[in-house]
Structure formats: structure tokens, C-alpha cells
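Beneath this line is the structure, given in C-alpha cells, with notes to follow.
Every number here is computed from the coordinates shown, using simple stated rules; none is lab data. Values in this document were obtained by computation on a predicted structure and should not be read as measured data. We place every Cβ from the backbone using ideal geometry, glycine too, and count neighbours over all the protein chains shown.
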Amino acid sequence: MMEPAIRAERLTKIYGQRLIAVNDMNLEVPRGCVFGLLGPNGAGKTTTLRLLLGLQRPTAGRAEVFGKLCGPNAVGVRSQIGYLPTNPRFPGNLRPIEYLDLLGRLSRLGRETRKPRISALLRAVGLLGATEQRIRTFSTGMCTRLGIAASLVADPPLLIWDEPTAGLDPSARRFTLDLIRELGKTKTIVIATHILGDIDQICDHLGVMHEGRMIFTGSMQDMKRRLRHDDFTLDLEGDNENLLRLAREASKIEGIEARIGPGETLVVGVAEGRSRSDALAEVLKAVDACNLSLRAIHSGQNATENAYLQLLQEDEAHGFGR
Amino acid sequence: MDSVDKASKLGTRLMPYAAILRHDLASLWASRLVRLWLGGTALLTFFLVAGNWTQFPDAPLIASVLFPYLVFPWFFVVVVLGVSPVSGSTAEALADGILSRPVSRWEYLLATWSARVTVVLAVYLVVVVPAILVVTLADRPVREDSVSAYGVISVLFVVGLVLTFLVSLGFLVGTLLRKPLLAVVVLIFVWYPIGLILSMFSLEEFSPVSLSRAVTGQLRRPWRQSGEEAKAAANMEDMQQFSEQLGSFFSRLSGAAPRPKASRDGFFETKEFEDFSLFRVTLGYGLPTLVAVILAMLSFYWRDL
């Protein structure tokens, strides 16, 4: 059987006998998947990634990448990984070509391989026009693009990107997500983030961390199946009174829970086993009956968010059961 | 063909070391600290030479030029250069940029250490060697002095060794304490009373002040005295003296009474410092340099970034 890309067994990291950053964590990331590592701030995502890279030493347990043990001098492990840190920092006095050339040398790439790859990467991340500039003059988006190129210099089979869309404008964010989708066809990618929208769009597998523990790992479908309800959000236009009347009327329909959401919205929960299309059709009839006009329907967009919040709530409710 | 393959494999193996070394040398050269130091040391050397041009013979004048490197103020710059690459925010930035690549921590540390030692020695030699040439070759209105080529080379070597040791000490304290400012303060408090500390262990021969006083005599020492025969005899004596000093050091350290001293003139009893031993000084600074680098590596290996 093929080794998974990443395997962690009972991985634990405690800082100075005070702070438990990663708590007895087990994790398997299959080869060839785009794995989203999700969790609130301080959940231990970045620490987990740094343990995999050997930048930190585990207090207990072990981590392997492609079957090789991770550690401070595990050069063989790091040669398989392209790492993009959150808000990457660069030597500002260098130009992008000089920086990528330095990284190519660190990866022991010969000139014949290094030079063409650097120009191909600069073209791919859209920095070909900025090769004359020093890195210190780069915007956040340009720095992220350079960080992406840096993580790809050695053409590693595993990419570990820590919050790759943090601080990016919409177009840069779109570019990054498209790139991840493209790279995901040939490489294993681990994306650590707390932006659920990104996870929804690009990941096929997911791990949820909370207070240093991995509280869920599985496919995106598994995650969404965990929802108690399938929710719709109707974006409406009309009187407030009519909106309240709609909420009352919709709640009378069998297997439907309706409540007023933020702004002029109605959140409709459909009970398990109830046909979603049928339920929606009945609610839409009620919208017409209440003299409201429908601006938009949002469905499924919040499914990951709801499932994620539900997981966190369940984990907190378990107390000693955790 | 086989040797070409081996050379190419070695080249590939050393590629990360060479890349970090090159990058660090460029960064250091571009840094204000190094440029200011180069300017400052050139200016100070010029004033020392010009100010004593008609007063000091060759040996004392060269010794006065070397004094700032051994005692004050350049010790401070050298220590700061040693501390910086492995402490504070620099360490975090380098972790993301360099140590997340297929580079071992040994390679990184050795490369940055080599870069700092190279820059420190380059600045020192670039300024001091021309100054010594000017002092020894110029026709000055002072009495003739018998400075030998061997004396000049051995003194340049000793001061270079002390500077290398200081960089290594900065490296070690930088890895242990993490905060660069704290590391520099600790080093200042350790290094300035070093003469006192060394005299407690009967090792005052190695204190920078003693070395700077011994420089004048060493500069006049001819090569002949350190010929093969003399060297063999001297080395035996040096080894004995060095082992006595080490024994005294460890017995003081462990709180035991020191062994009685051999019937040999104390270092300070001979005012001209003629018993200055290049061999002992080389061991006295070389071994701690090696130990400091190894300890810095071990400390860096165990450290979380």
C-alpha cells in the first residue's frame, strides 16, 4: 500500500511546560489531495506545519512525510516540501530572480535546471514585469506571488501553504485559488486557513483543529453530511411586517424551520429526510403570498461553515469526553 | 572522469553552504554596521599612526594600531556581528526563508559563522596590513626597531584568532539567549572583566590586555628562534605549561585546591613578556573557539524556530 503524503501519530507540542499547542494529534493526508487544515486562530495549525518541516521538535509523537521522519536535520523531508508561510518575509535588498536563484541553490538545483525554472515560475505567478524591482518595494499580493514561486522552485511533490490568501485583494485571491486548483492536479497540497470560503472552493479533504486537537478528518462530503440541517438563505425585498409574516407562514410548513436573518433575509432550515426542492418550492410560494420579492437564494455556501461551527460546538460540549 | 564526477557531487553537496555564505557576505557588506566599522577602524588607525608617527618606534606603533581590536572598541562590533544571525526576529525570518528548505542546521550555522569570520578578518586585515607596511617601510624620524616578518605575521594571526573567538562567543551566546540585546549585554559583562576571571584560574596570559602588552615583544621576535629545534623544545614546555593552566582552571572550577605551580617565572614577572608562546595562545583561543562553535551548533539544533 502506498504511504500517505503525511502521517502524524500522537503528535504533541508543549511550549515551556505551559502551552499545549498540538495535543496528541493523529493525521493522515492521502497523496494527491488538496487538504484543508481548518481551525480558529491559535488552534495549532501553524505549529503542526512547522513540526512537519522540522522547524520545531515534537514534545511527543512523530510525524512522517512520504514515509520519512520529520526533524531539524531531515533534509530529505524538506526537499519534498514547498512551504509558503503566512505573510512571507524576504530579504528586501534582493530582486526576485536573485532570491529564487538563492533558493534554487539551497535546493541543490544545477544551473541548467534552475535558470529556466525561475523564469517559468516568474511568468506563472505574474511577476515577469517586476524582475527589476527590489523585493522591499513589493505589495502584499506581489510578496504572496513571490512566496508561491519560492515554494515551487524545487518542484516538490508536497506543498504546504499557510494562509495563502491572507491579506490579498479579490483578484489576487482568485489568482491564488485558481493556482491551487491547477497545482492540485499533480501535487499533494495542504492549505492551513480559517477562511471557510477558500476551503469550500479548493479542498477535497479536510482536517479541523480545535485547541491543538484534530477533531475531524475526512472528505468534504463527510464534513457536509455532518450537518443537522440543510439551510437556505433567502435574500428578500419588502416590508418588515411581510417578512415577519413569511417567517411565521414558512414555519408552519412541515419539516421547515424559518427565522429572520441579518438584513432582509430569511434563514430556512430543512429537516433531515425532507426533500429540499419540495421544501424550497413551498417557501417560494409563501414568499409570493406575502408580497415580498426575492433578490437571491443562497444555498450550501454556508454548509461548511455550519458544519465547522457545529464541530467546534460539539467538541466544546464534550468536556472530559474529549 | 571519476574524479570529475566526485568533484561535481561535492559541488552539489556544498551548494547550500556556498549559497548561504555568498548571500551572507553580500548582506554583511551591504550592512551599515560593517561599513561604519570599516570607516571607523580606518579613521582610528590613520589617527593612531599619524599621531605617533614621530614618537613611537615600529613595534609600539603597530601594537597601538592593534590595541583597539584586542581591547576596545572593536570588540563590541565583532560581538554584535556574531550575535545577530541566530537570535531574535532574524531567526524567525530565516526559519521561513532558509531553514524550511533542504538545508541542515549545521550547514546554515557553519555558513553564517564563516561569513562573519570572513568579514571581520577582511575588515581587520584590509586596514591593519597597509598600516603595518607603511609603518615598517617608511623612513620615520624615530630610532630603528627590529620588527621581524615572522613577528608581524604571528601577531596578525593572534589578533585574528582573538577576533574569530569573539565572533564564535557571540554566536554561542546569541543561540543560548535568543534576545540579541541581552546577548550583547551579557558578553560585555563577561568580556570586560575577562582579565580578572582569567587571573583567578592562572590564565592571565590569555587576557586581551596581556596579549596587547605582549605584542611589542612578539613583533621583534626573529624567525630563527622559532626554528625546528627550538620549536620542538618549546612545544614540550608549552604543552606542560598549557596542561598546568588547564589543571589549575579545572581545579578552581571544581573548588579543589590548585596544584602547586611549577618553578617557572610568572608571566607578569618578565616585564617584556618574552615568554609569550604562540603555541599556547593558539591553543588557548583555538580550542575555546572550536568549543563555542560546537556548543552553538548543539544549542541551535535543539532549538525551536
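Please give the contour-minus-distance gain from A:ARG31 to A:THR59: 0.36 nm per residue of separation, less the Cα-Cα distance, rounded to one decimal in nm.
Length gained, A:ARG31 through A:THR59: 7.4 nm.
As I understand it, the value is the acute angle between the Cα axis of helix A:170-183 and the longest principal axis of the Cα atoms of chain A; what does it come to in degrees, rounded to 10?
70
Once you wrap a convex hull around the alpha carbon atoms of chain A, what is its projected area averaged over all directions, in nm²?
20.8
With 10 angstrom as the radius, rank A:ASP155, A:ASP198 by how many other C-beta atoms surround their C-beta, starting from the fewest.
Ranking A:ASP155, A:ASP198 by Cβ neighbours within 10 Å, fewest first, gives A:ASP155, A:ASP198.
Kindly rank A:189-196, B:182-189, A:10-17, B:137-144 from highest to lowest mean number of other beta carbons found within 10 Å of each residue.
A:189-196, B:182-189, A:10-17, B:137-144
Just how many % of Cα pairs in region A:1-111 lie over 22 Å apart, if you round to the nearest whole percent?
Counting pairs separated by more than 22 Å, the tail of P(r) holds 41 percent.
On C-alpha positions alone, give me the angle between the axis of helix A:111-124 and the longest principal axis of chain A, in degrees, nearest 10.
Value to nearest ten degrees: 30.
Pairs A:LYS45/B:LYS179; A:LYS68/A:LYS224; A:LYS68/B:LYS179; A:LYS68/A:LYS187; A:LYS13/A:LYS187; A:LYS13/A:LYS224: which exceed 24 Å Cα-Cα?
Result: A:LYS45/B:LYS179; A:LYS68/A:LYS224; A:LYS68/B:LYS179; A:LYS13/A:LYS187; A:LYS13/A:LYS224 exceed 24 Å.
Quick one: Cα centre-to-centre distance for region B:115-187 and region A:221-285, in angstrom?
If we compute the Cα centre of each part, the gap is 79 Å.
Arrange the following residues from fewest to most other Cβ atoms within 10 Å of their Cβ: B:ARG101, B:ARG35, A:ARG134.
Listing B:ARG101, B:ARG35, A:ARG134 from fewest to most nearby Cβ atoms yields B:ARG35, A:ARG134, B:ARG101.
Suppose only helical runs count, i.e. DSSP H with n ≥ 4. What mean residue ellipticity at 222 nm does that imply for chain A under -39500 (n - 2.57) per run, divided by all residues and rounded to the nearest 500 deg cm²/dmol?
Here the helix-only value at 222 nm equals -11500 deg cm²/dmol.
Please find the FRET efficiency linking A:GLN310 to A:ARG123, where r is the Cβ-Cβ separation and R0 is fixed at 41 Å, and quote it to the nearest 0.05.
Efficiency, rounded to the nearest 0.05: 0.40.
How large is ³J(HN,Hα), in whole Hz, for each residue of region B:17-26 in order, when computed from phi with the Karplus curve 6.51 cos²θ - 1.76 cosθ + 1.60 and θ = phi - 60°, using x for Gly and Pro?
3J(HN,Hα) across region B:17-26, in whole Hz: 4, 5, 5, 5, 4, 5, 5, 5, 4, 5.
To the nearest 20 Debye, how big is the dipole of chain A about its Cα centre, given +1 on the beta carbon of each Lys and Arg and -1 on that of each Asp and Glu?
Charge dipole, chain A, about its Cα centre: 1960 debye, nearest 20.
What does the average come to when, for each residue of peptide A:49-61, you count the partner chain Cβ atoms lying within 10 Å of its Cβ?
That works out to 3 on average.
Considering the alpha-carbon set of region A:58-117 alone, what are its Rg and its Dmax in angstrom?
14.6, 42
In peptide B:99-112, what is the residue-averaged number of other protein chain Cβ atoms found within 10 Å of each Cβ?
Whole-number average of other-chain Cβ neighbours for B:99-112 is 6.
Taking just the alpha carbons, could you work out the radius of gyration and Dmax for region A:186-316, both in angstroms?
Radius of gyration, then largest Cα-Cα span, for region A:186-316: 17.1, 54 Å.
Kindly work out what percent of the DSSP beta bridges joining two residues of region A:6-225 are antiparallel, to the nearest 5.
55
Sort B:PHE72, A:PHE216, A:PHE35 so the one with the fewest other Cβ atoms within 10 Å of its own Cβ comes first.
B:PHE72, A:PHE216, A:PHE35
Using alpha carbons only, how many degrees (0 to 90, rounded to 10) separate the axis of helix A:240-252 from the longest principal axis of chain A?
Value to nearest ten degrees: 90.
Starting from the coordinates of the alpha-carbon atoms of region A:114-205, obtain the Kirkwood hydrodynamic radius over all distinct pairs and give the value in Å to one decimal.
About 13.8 Å for region A:114-205.
Report the paramagnetic label zone for B:ARG178: residues of region B:95-112 whose backbone N is under 16 Å from a point 7 Å from Cα along the Cα-to-Cβ axis.
B:95-96
May I ask for the longest run of chain A untouched by GluC sites (Glu not before Pro) that are loop-located per DSSP and have at most 13 neighbouring C-beta atoms (other than their own) within 10 Å?
A:1-131
In percent, how large is the relative contact order of chain A, given Cα pairs closer than 8 Å and 6 or more residues apart?
Across chain A, relative contact order equals 19 percent.
Which percent of Cα pairs goes in each bin when the distances of region A:230-304 are cut into 10 angstrom slices starting at zero?
21, 60, 18, 0
Which percent, to the nearest 5, of DSSP beta bridges fully inside region A:154-233 are antiparallel?
Antiparallel: roughly 55 percent of the beta bridges in region A:154-233.
Can you order the peptides B:216-223, B:38-45 by their average number of other Cβ atoms within 10 Å per residue, highest first?
Answer by packing, highest mean first, reads B:216-223, B:38-45.
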